[in-house]
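Below is one structure, written out as structure tokens, with a few remarks after it.
Values in this text are rule-based calculations from the coordinates and carry no lab data. Just so you know, these numbers come straight off a predicted model, no measurement behind them. All Cβ positions, glycine included, derive from the backbone under ideal geometry; neighbour counts span all protein chains shown.
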Amino acid sequence: MTKNPNTIVIIDNGSQTAHLIGRRLHQLGIQTQYTDPHEALKTIKETQAKGIILSGGPSSVYEEGAPTVAKELFELNIPMLGICYGWQLMSYLLGGKVELSDAEYGQETLQIAKPEAILASLPQKMHIIMSHGDTVTKLPPDFVILGSTKRVRFAAVRHTSKPLFGIQFHPEAFHTENGMTVLQNFVETICGLQLNPLPIEPKEIIQQIKEQVGDKKVICAVSGGVDSTVAAFLIGKAIGKNLIPVYVDSGLMRPGTTEIVKYIFSKLIKADLIVANERSRFLHALKGVTDPEIKRKTIGKLYIDIFKEIAKKHTNVAFLGQGTIYSDVIESKGSKGASLIKSHHNVGGLPKDLGLDLVEPLRSYYKDQVREIGRLAGLPEDIVMQQPFPGPGYAVRIRGEVTEERLEQVQKADKIVIDEMKKAGLYEQMFQCFAVMTGAYSTAVKGDARAFAEVVAIRAYTSSDVMTSQPADLPFEVLKSLISRIVNEVPKVSRVVLDVTPKPPATMEWE
């Protein structure tokens with residue numbers, strides 16, 4: 001391990017946003033080193049770290065086997081910032097008290113009592129993202145309060161003489177106001193590091209692909225979405241004619257997707273596109289499947305089977321290219337100690353005997369970074385800024401079994417949502433907007449007769465990196481138009497509801 005006295009060591013306790021902390025610090029030009037809690041002391045000494053961050057995590061400090069660190073860390077006189085579980089662990093080890101209390105998920109307001117240290121130069125009130133069940137109910141000796149929320153008294157604290165700081169909220173989350181300032185205060189003012197922001201450089205990614213692939217061929221899974229398109233574009237730049245893009249028409253994608261993919265690979269990326277028409281195969285595989293995890297893994301396995309079949313028809317194919325991004329990895333339990341949120345088919349659905357090495361040039365990047373990489377690499381704005389669509393397609397927007405009838409319902413409802421948002425000039429302002437067949441049924445009156453039909457949910461939100469989101473502010477006139485069209489134009493629908501849940505606690509998709 002290389003010694004670097006300008007390094008911040010991040011102790012990963014399994015938080016969904018643990019690696020987002022490093023991403024934020026990289027934006028500031030700060031070098032980071034991740035470590036497991038049990039190896040933290042060794043890593044800190046070997047790197048001669050200038051600062052330490054204890055990440056959040058899904059555990060309780062009192063659980064058997066919960067992540068913990070050596071108490072010696074607190075005697076090193078190295079600045080330390082505990083975030084969420086990291087702050088609870090710091091408190092617990094130093095003599096404070098942590099208890100299960102009123103949970104907070106989503107946006108709260110921090111009232112700053114002392115605008116100093118990590119909270120220097122911040123407004124008296126600011127919106128923050130919380131995601132916790134336990135909380136510190138008694139401070140360890142010699143700690144003082146810097147800020148509180150309505151339900152959490154010790155939301156931001158500091159030690160009176162040692163460089164130890166704790167916060168219950170997540171400064172790394174995009175929707176935490178001034179979160180970058182909190183992190184900058186810690187690394188620049190407290191740790192004494194000089195900021196040196198580094199730009200994203202697509203040429204370096206392309207060179208890495210060249211070195212990895214050599215003269216072999218890459219079967220590249222494409223869907224028309226921004227992630228797979230940017231990945232294929234970079235791979236194509238690196239290996240030219242050795243790129244074999246494959247679009248699997250599963251029947252689960254938005255109408256018109258095939259035409260979009262053909263346009264991309266005839267006009268933007270010069271490559272011979274293979275289109276595999278496999279609608280009936282996917283619907284047959286999903287028959288009777290209702291569990292979301294089984295549904296995702298069934299789709300993932302079928303995709304891989306198809307890619308392997310196509311690879312066998314070509315010579316010198318050694319790699320499978322994918323548009324995997326970091327949020328896919330972390331939600332699929334990509335970090336030791338992290339919880340499984342949902343298995344993304346390009347992560348959780350991959351077999352051990354794949355027979356192809358993976359080329360995933362975007363695996364370490366978040367959605368907003370992927371857009372920037374695509375933009376810098378030369379892709380047009382309408383491609384890099386399109387709304388994401390899930391890899392498993394409408395299968396994860398149909399709660400329960402996927403049938404021909406329900407697939408037709410969700411496609412019609414989804415088209416109405418998109419049409420109405422575009423007509424109102426709102427589509428470009430959102431990260432995603434879509435319809436969900438909820439699997440819930442309610443009574444309706446249609447034509448003076450009783451009907452018992454399915455409820456459709458509308459979800460529309462803003463986000464930057466897929467790790468946090470806030471519901472979009474939709475005008476009531478737009479909602480009225482949406483509701484009227486869906487209940488009248490989509491068969492066997494009783495009513496429409498609006499999902500206004502942020503992330504956390506919700507995920508972007510329902511399944």
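Quick rundown of the values:
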quantity	calculated
Sorted by Cβ density within 10 Å, fewest first, the residues TRP510, TRP87	TRP510, TRP87
Percent RCO, i.e. relative contact order, over the chain, from Cα pairs under 8 Å lying at least 6 residues apart	12
Inverse mean reciprocal Cα-Cα distance (Kirkwood Rh) of segment 1-64, Å	12.1
Rounded if a/c under 1.5, otherwise prolate or oblate - segment 116-172, Cα gyration tensor axes	oblate
Neighbourhood net charge (12 Å Cβ-Cβ; Lys/Arg +1, Asp/Glu -1) for LEU273	0
Cross-link table LYS210/LYS295; LYS270/LYS297; LYS217/LYS267; LYS267/LYS503, entries beyond 28 Å C-alpha to C-alpha	LYS210/LYS295; LYS270/LYS297; LYS267/LYS503
Leading residue at positive end of dipole, the chain (Cβ point charges), from LEU354, ILE167, ILE200	LEU354
About the Cα centre, charge dipole magnitude for the chain (Lys/Arg +1, Asp/Glu -1 at Cβ), debye	520
Separation in nanometres of the label points that stand 7 Å from Cα toward Cβ, at ALA424 and TYR62	4.6
Straight-distance crosslink candidates among aspartates and glutamates, where the alpha carbon sits under 17 Å from LYS352 and sequence neighbours closer than 8 are dropped	ASP305, GLU309, GLU360
Segment 114-233: Rg to Rh, with Rh as the Kirkwood radius over Cα pairs	1.19
For q = 0.09, 0.10 Å⁻¹, Debye-computed log10 I/I(0) when each Cα of segment 202-384 counts as one equal scatterer	-0.30, -0.38
Cα-based reach from LYS287 at 14 Å (exclusive), listing aspartates and glutamates while leaving out same-chain residues under 8 positions away	GLU401, GLU404, GLU405
Full-extension gain in nm, LYS203 to THR403, via 0.36 nm per residue minus C-alpha separation	67.5 nm
Residues of type aspartates and glutamates that LYS45 reaches as a straight line, Cα spacing below 20 Å, ignoring anything fewer than 8 places off in the same chain	ASP12, ASP36, GLU72, GLU75
Ascending count of other beta-carbon atoms within 10 Å, so fewest first, for MET80, MET430, MET130	MET430, MET130, MET80
The chain: calculated mean residue ellipticity at 222 nm from DSSP helix runs of at least 4, using -39500 (n - 2.57)	-8500 deg cm²/dmol
Computed over segment 403-499: relative contact order in percent, which uses C-alpha pairs under 8 Å that are six or more apart	30
Charge dipole (debye, nearest 20) of segment 202-384; +1 at Cβ of Lys and Arg, -1 at Cβ of Asp and Glu	280
D_trans [Stokes-Einstein, Kirkwood Rh over alpha-carbon pairs] for segment 7-190, 10 °C, 1.306 mPa s, µm² s⁻¹	100
Given charges at beta-carbon only (K, R positive; D, E negative), |dipole| of segment 100-250 in Debye	100
Viscosity 1.567 mPa s, 4 °C: Kirkwood-radius Stokes-Einstein D of segment 158-291 over Cα pairs, µm²/s	67
Extent along principal axes [Cα atoms of segment 403-499; Å; largest to smallest]	44, 28, 19
Exposure proxy order (Cβ contacts within 10 Å, fewest to most) of LEU243, LEU302, LEU268	LEU268, LEU302, LEU243
Most positive-pole-ward Cα, ASN13, VAL329, ILE398, against dipole of the chain from beta carbon charges	ILE398
Ellipsoid semi-axes in whole angstrom, largest first, where each is sqrt(5λ) of the Cα gyration tensor of the chain	41, 30, 20
